[in-house]
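Data block below; observations after.
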Amino acid sequence: MNVRHMRGVYIVEFAIASLVLFTLLFGALEVGRLYFTVNTLNETVRRGARLAAVCDIKDPVILRRAMFNSATNTGASSLIASLTSANLKLVYLDANGAVVANPNDLTSSTGFIAIRYVRLEVSNFSFNLLIPGFGGAFILPMFKSTVPRESLGRQPDATVNPEITPC
């Protein structure tokens, strides 16, 4: 064999092998990003449901804190840039699991008093791929967390402190 004529073969072999190698490398990185995103969304719904169970139902800070933001930050999540409060849905449920229509009504038996569970859902979250040549996005399934209600921001004895406790 003539070594001089074989030089171009090495470059072609490297190009083919590196294409496969870099595709696998970027694929592994994307799977890691996907696992991180899924775990963060699971923690978001768990954290948000817990906050909603102990904080006042009118408190706008619940969804911000669930997304790992400060109480004053109204923007996207500090961990996942594409997660906003529009992806989150906070629902109050009665003992049968039906949605309480007006949880702010403190006097009606179908309002605040009927709340037994708190559910936070993340839906319509789009995960964007960063692999070169495979650009695209797909919608992740809905994430939910339901917890029993606790204080909902109220003191157990109204004579002690009838005001709402801040979260």
(request) Report the net charge of residues surrounding L140, where surrounding means a beta-carbon distance below 13 angstrom and charges are Lys +1, Arg +1, Asp -1, Glu -1. (result) +1
(message) From the gyration tensor of the Cα coordinates in the chain, what semi-axes in whole Å does the equivalent ellipsoid have, largest first, with each one equal to sqrt(5λ)?
(response) 53, 14, 11
(message) For a quick check, take a GNM of the chain with Cα springs below 10 Å and name the residue from S77, S108, S123 with the largest mean-square fluctuation.
(response) S108
(request) Compare the peptides 7-13, 87-93, 144-150, 53-59 by average per-residue count of other Cβ atoms within 10 angstrom and give them in order, highest first. (result) 87-93, 53-59, 144-150, 7-13
(request) Calculate how steeply helix 3-54 sits against the longest principal axis of the alpha-carbon atoms of the chain, using the helix alpha-carbon long axis, and give the answer as 0 to 90 degrees to the nearest 10. (result) 0 degrees
(request) Under a 10 Å cutoff between Cα atoms, tell me which one of I80, I62, I115 has the largest fluctuation in the Gaussian network model of the chain. (result) I80
(request) Considering only L83, L21, L41, give the residue with the highest GNM mean-square fluctuation for the chain, with springs between Cα atoms whenever their separation is below 10 Å. (result) L21
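Taken together, the values in this text are just the output of simple stated rules run on the coordinates, not laboratory data. For clarity, every value in this text was computed on a predicted model and none was experimentally measured. Neighbour counts run over all protein chains shown; Cβ positions are idealised from the backbone, glycine included.
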